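Report on one structure; see the data block that follows.
All of the numbers you see were taken from the coordinates with simple rules; none came from a lab. Computed from a predicted structure; not experimentally measured. Neighbour counts are summed over all protein chains in view; Cβ atoms, including those assigned to glycine, are modelled from backbone coordinates with ideal geometry.
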């Protein structure tokens, strides 16, 4: 297993953001046909990993055959090393899988009560919560921090830092010292440690909220900033800024992530970006949304900061080592592009835990290999007068708060 | 999302004389002259007047003035009047009406028909008479003072009762409305979004039946707790004499916090039902349990979620297979209503999560079809959580004492306990269940539809509405 994790880390680390068709047959992928075409502006790629001539280039994972090859290798390793997963798959209907999409997905909720790891993790990421019962926090036991870093790094460099030169980082996401078990904070820490980051201001405290003074001070420093924020913190910032807008220097950009549920009055994304543009001087084309979750070590972005299209034209994209399908909410049968369903992701970066995750998110895929998110699949139907799980937990397990889902 | 082709229900029924927003009688106004909001519930759109201070004032005043005429009716006559409305209304429910009620509630038409048939059994003259006499052996105490051991007593009705109905179980709100009318309290009813069609239809039948009832009944849906309706709700909560509220903890806590201290709030929080089965002594219990789980699509307060099965795991496994078979059969005759994507997602997450737990411990087995129509979970008690969607949790237990132990943490939310194969004369066991919080202990096959006089959530449903007055005449010794 360790060898696979290291191999994947090297492959992901060599990705320069290209997802176009590779010009050569991959070394190990044994490509058997073209992958689905992808739309959007992608630049040229490489055919191999620099300094690692035996490795499959990450771009090759865009081929279904190469992707499947890795997926099944990982699946075999996970079966061999994690008896819980093996029993879960053996008990699932359908028999042994020949392709990655035949491997039964593990529901995200399973991370709340069953450690999914075939060894001693280097660290454990915890959700700040998940609605829908259970009452406990999800835990992602991470075997290789290097693999997480490699999966996240290539992606955030492409979508947040491309063409920026030296940047300063202003983070409204608490740093990894403040929240060491947050995958998002850990990623913010990776970004802060980049060589071309000139310095980082941590301007959010889990207890005290947004430090508006620190934000104004950072903006006044005159260097382009990369603002990292949750939607929750961003709403608070633009509210706090009020009638005295902050003017971030030209070239500044923003990564926004997460939802609003249960925290602040719900604001649609277009309204929020408009308010952020007016309050902070960062144009909407320089604000990109990151979609991620504790249970997945890879992330999707809906544009490249600085050249992001208008919101209606945006779709989220994962790196080529992730496949996403929308599944029929009733039967979990796969749906064609354009039809909304429950999202299931197969993330090779999850080799150390479990790759195929059934989420509670609604969305649909696009013909070009993108992903449109439609929000959380929450039960909106009136329930009648029978007790629901959350109320049951409140009544029977006082003190165990049904939490919300963020990272 | 609603479209112009979505069926629409007008979610109000006002008494004659109650004023619409501009001061005109609402019943005679053209639709275009009212200001409306819309809300989607089930597969219909429901339309209702906007929040308006004058309307709130007018509704309460009109209802309050109806009290005198209602009080003048002899209770026996009122029973006959209300019962005849109930019977006539039930007969009038043709397929189109059932289809509309089903579309509004999200239940299948067959299930809706089954529920209406069961609930309507409590709306007949005989049933209402039983209910009144169970609580007031001499019903004349509801009409005036009746001599009783050296004094006279009279059960008086609240001026106006405000009802907050449950979400999507048709019939619960009608029953609640009838109870208040039986004790001569005019009613203002806010049905749940999924119970608008039935409630407004019933109210219109009351309006047609008798001018005294017409003046005493108002139905008005609004999205409870919505910011735009906070002032409206405050107005009504301040003006109503009694409040009856069905709902989750948030709803009940919110109403309780806003009602004046002088207003009695009668609460019906969400509950769960359990079944205790000795399979060896009750060969038909699997079929009965499937029905108890399936009825109301498991959204009723009486609905069974947890089944404690006396026997070992092997016995329980075999019984679960029978239960699964009966759930499938019940689903064929009483199909499940459409679940929202969120509800289906929650069931998939639950199934998968339990499957992972089962893989980790071998203690959990799941039987289910590919779809989310029903689920049987065989698991130790500590895994139990009510999931809805016709999910039956079966826990093997060694004996009755073990049953009681498992139920201890559920005591604050427990309502109905259905028994199968348990000796009827086992009074000690029933006593223990009562001590734990069960308010209704019945044979398993009687779970879905309580008797008219049932002790709803542990209270006498008419008794908790009235206020007693005792009169000691000056000349007594």
Exercise for review: Using only Cα atoms, tell me the angle between helix B:75-92 and the longest principal axis of chain B; keep it within 0 to 90° and round to the nearest 10.
Suggested key: 60
Practice item. On a C-alpha basis, how far is the centre of the range B:205-279 from the centre of the range B:80-112 in Å? Whole number, if you could? Key: 22
Practice item. Express in nm, to one decimal, how much length is gained between residue A:333 and residue A:2 on full extension, taking 0.36 nm for each residue of separation and deducting their alpha carbon distance. Key: 115.8 nm
Revision key, fill the gap. Note to self: C-alpha centroids of the range B:124-147 and the range A:271-296 sit apart, in Å, by 66
Study note, to complete from the structure: Distance in nm between residue B:230 and residue B:441 label points, each 7 Å along Cα→Cβ, equals 4.6
Review point. How far is helix B:53-65 tilted off the main Cα axis of chain B, in degrees rounded to 10, range 0 to 90?
Key: 80
Check your understanding: Using a ≥ b ≥ c from the Cα gyration tensor of chain B (square roots of the eigenvalues), is it rounded, prolate or oblate, where a/c under 1.5 gives rounded and otherwise the larger of a/b and b/c decides, a/b for prolate?
Key -> oblate
Exercise for review: Order by neighbour count: A:84, B:277, fewest other Cβ atoms within 10 Å first, most last.
Suggested key: A:84, B:277
**Study point:** 20 Å-binned pair-distance histogram of the protein assembly as shown (Cα, whole percent)
**Key:** 14, 39, 32, 13, 2, 0
Study note, to complete from the structure: Note: residue B:71 to residue B:399 extended length (0.36 nm per residue) minus current alpha-carbon separation gives 112.8 nm
Point to revise | Fully extended contour minus Cα-Cα distance, from residue B:470 to residue B:412, at 0.36 nm per residue | key: 17.4 nm
Exercise for review: Report the percentage of all Cα-Cα pairs in the range B:414-477 whose separation exceeds 14 Å, rounded to a whole percent.
Suggested key: 66
Check your understanding: Kirkwood Rh over Cα pairs of the range B:370-477 into Stokes-Einstein at 10 °C, 1.306 mPa s: D in µm²/s?
Key -> 94
Study note, to complete from the structure: In whole µm²/s, the translational diffusion coefficient that Stokes-Einstein assigns to the range A:88-173, given a Kirkwood hydrodynamic radius over C-alpha pairs, 10 °C and 1.306 mPa s, equals 97
Study note, to complete from the structure: When A:141, B:305, A:69 are arranged by how many other beta-carbons sit within 10 Å of their Cβ, fewest first, they go A:141, A:69, B:305
Exercise for review: Could you run the Debye sum over the Cα atoms of the range A:241-359, one equal point scatterer each and no solvent, and tell me log10 of I(q)/I(0) at q = 0.09, 0.13, 0.22 Å⁻¹, two decimals?
Suggested key: -0.33, -0.65, -1.27
**Study point:** Prolate/oblate/rounded label for the range A:134-281 (Cα gyration tensor, a/c 1.5)
**Key:** oblate
**Study point:** the protein assembly as shown - mean residue ellipticity at 222 nm from DSSP helices (-39,500 (n - 2.57) per run, n ≥ 4, rounded to 500)
**Key:** -10000 deg cm²/dmol
Review point. Relative to the longest principal axis of chain B, what angle (0 to 90°, nearest 10) does the C-alpha long axis of helix B:125-135 take?
Key: 90
**Study point:** Neighbour-count ranking [beta-carbon atoms within 10 angstrom, fewest first] of A:225, B:432
**Key:** B:432, A:225
Exercise for review: Answer rounded, prolate or oblate for the range B:108-248, using the Cα gyration tensor with square roots of eigenvalues a ≥ b ≥ c: rounded when a/c is under 1.5, else prolate when a/b is larger than b/c, else oblate.
Suggested key: oblate
Revision key, fill the gap. Rounded to whole angstrom, the alpha-carbon centroid of the range B:410-441 lies from that of the range B:280-315 at a distance of 15
Revision key, fill the gap. At R0 = 45 Å the Cβ-Cβ FRET efficiency linking residue A:124 and residue B:99, nearest 0.05, sits at 0.30
Revision key, fill the gap. Note on chain B: contact order normalised by length, alpha-carbon pairs under 8 Å, 6 or more apart, percent, works out to 17
Check your understanding: Which whole-number percentage describes the relative contact order of the range B:257-331, with Cα contacts under 8 Å and a sequence gap of 6 or more?
Key -> 37
Exercise for review: Only Cα pairs under 8 Å and at least 6 apart count here; give the relative contact order of the range A:129-241 as a rounded whole percent.
Suggested key: 28
